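Have a look at the structure below, then the notes.
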Amino acid sequence: MLEHLFTETVQKTMGEEGYGAWRSISAPDAVSLSFGFPFPDSFPNEELLTAAQDLFAEEGDVALQYTGGENAQSLAGIVAEQAARRGIDCDPEQVVLTNGATHAIDVVCRTFLEPDDGVFVEAPTFMGALRLFEGYGADVTGLPMDADGLDVSAMADELDARRDEGRPLPKLCYTIPAFHNPRGVTLPLDRRERLLELAAEYDFVVLEDDAYGELRYDGDPLPPLKALDETGRVVRVGTYSKTIAPGVRTGWVVADGDVAEQIDRMNAGGTNRFTQGVVARYCRDGHYDRTVAAVREAYERRRDVMLDRLESYMPPEAEWSDPDGGFFVWVTLPEGVDTSAMLTRAGEEGVVYLPGEHFYADGRGERSLRLSFSHASPEEIDDGIAALARAAEAAIESR
């Protein structure tokens, strides 16, 4: 069953070409460090079952109607309360519920973008968002990153050059400031503030993807971009998929009043009101905070094992990120190594990953790769990194 889910995810996120390359790898027993699937036994099955039973006991058939009952209708308020704990001043009218974070990004695209509109992204960035921007015909520009995330100085230079030369300015900037997917890095406070200054100066919307924001393992928390937003230019998306379970498919958009209304009008087709009712009951019963605390501890252990094994096993020419949270580590190998070509050897050695080129709009990233520590056990991570090191050493020697 899980193999089927991995395959379906490859098809949706990597496209047919990437799927074809993936399918050509014969490695049924390899450790998968590819996707951000939660680890086995992480789901709060009993608590969700209790929440569903309580929902039916309270609302009966109303819970299954198009609009849901009081619990489903209360979820926007719960999201607003959880946002307030992270410094975001919003009320339920500023929350638009969606079927997960990717659906939230899609609704924002539908609201703001027309063909050929400019979109700034980090390079690399979440490949699911890249495919959405491509589908809307956006003109995507990848901006450089470093160990502290988006290089806002380079962004300022690009904006200045466009203005001076009369070229179109971006309508939207998509960013993942906390525990970046795929690089794992976190944007410092001064860069967050500078990004918002640039948005105000050059009149573009900042789409903040905060899917991993509650999964911090080290360091002090930083305010989300929306908490720093004084001009209403930040549209924040989030999800319960990374904290409760992917299958609940419940996410949200947080935006200022008029923008939230516009986004809500574009949210065609409706959302899963029954699931929203269950999630609301689950949160009201106090389960959410306990679940987040438990998965943080488990993910932190897996991250620590991955970083330790990378240090122990990988060749000295390799480099990797050191994330404070989230699911991912970004590995970069020396010039001349192609991680897409290396994937077959890695599968034979006993590990699979995602090559870096899939995270760039222009196909760069050939010597990088993304690892996920969220699903595999610590023992599997040990085996997987050892296999990766063997494949990397062979690729480096054969350059």
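Things worth noting here:
- The set of residues from region 202-242 being surrounded by fewer than 23 Cβ atoms within 10 Å (Cβ to Cβ), in a loop (DSSP other than H, G, I, E, B), without any contact (Cβ under 8 Å) to a residue 60 or more places away in the chain and on the phi < 0 side of the Ramachandran plot comprises 220, 222, 230, 231, 233.
- Test: residue in region 144-163 that is at positive phi and touching a residue at least 40 places away in the same chain (Cβ under 8 Å): yes
- The residue of region 49-108 that is nearest to residue 263 (Cα to Cα), among those that are open to solvent by less than 50 Å² (accessible area, probe 1.4 Å), of a type in the set (A, V, I, L, M) and more than 29 Å from the chain's Cα centre (by Cα), is 63.
- For residue 25, the conditions (1) exposed (fewer than 13 other Cβ atoms within 10 Å of the Cβ); (2) modelled with pLDDT under 90 all hold with the exception of (1).
- Every pair of residues 6+ apart whose Cβ atoms lie under 7 Å, when the first sits in region 35-53 and is without any contact (Cβ under 8 Å) to a residue 60 or more places away in the chain while the second is open to solvent by less than 70 Å² (accessible area, probe 1.4 Å): none
- Candidates 161, 199 - the one that is closer than 23 Å to residue 361 by Cα, assigned to a helix (DSSP H, G or I) and open to solvent by 10 Å² or more (accessible area, probe 1.4 Å): 161
- For region 192-204, the count of residues that are touching a Ser or Thr at 6+ places or on another chain (Cβ under 6 Å) and of a type in the set (A, V, I, L, M, F, W, C) is at least one.
The values are calculated or read from the model by the stated rules, or taken from the named source; none is laboratory data. Everything numeric here is computed off the predicted structure, so don't read it as measured data. Glycine also receives a Cβ, built like all others from the backbone with ideal geometry; neighbour counts cover every protein chain displayed. Please note that ligands, DNA and RNA were not included when accessible areas were found on the heavy atoms of the full protein model with its side chains. Shrake-Rupley method; radii C 1.70, N 1.55, O 1.52, S 1.80 Å.
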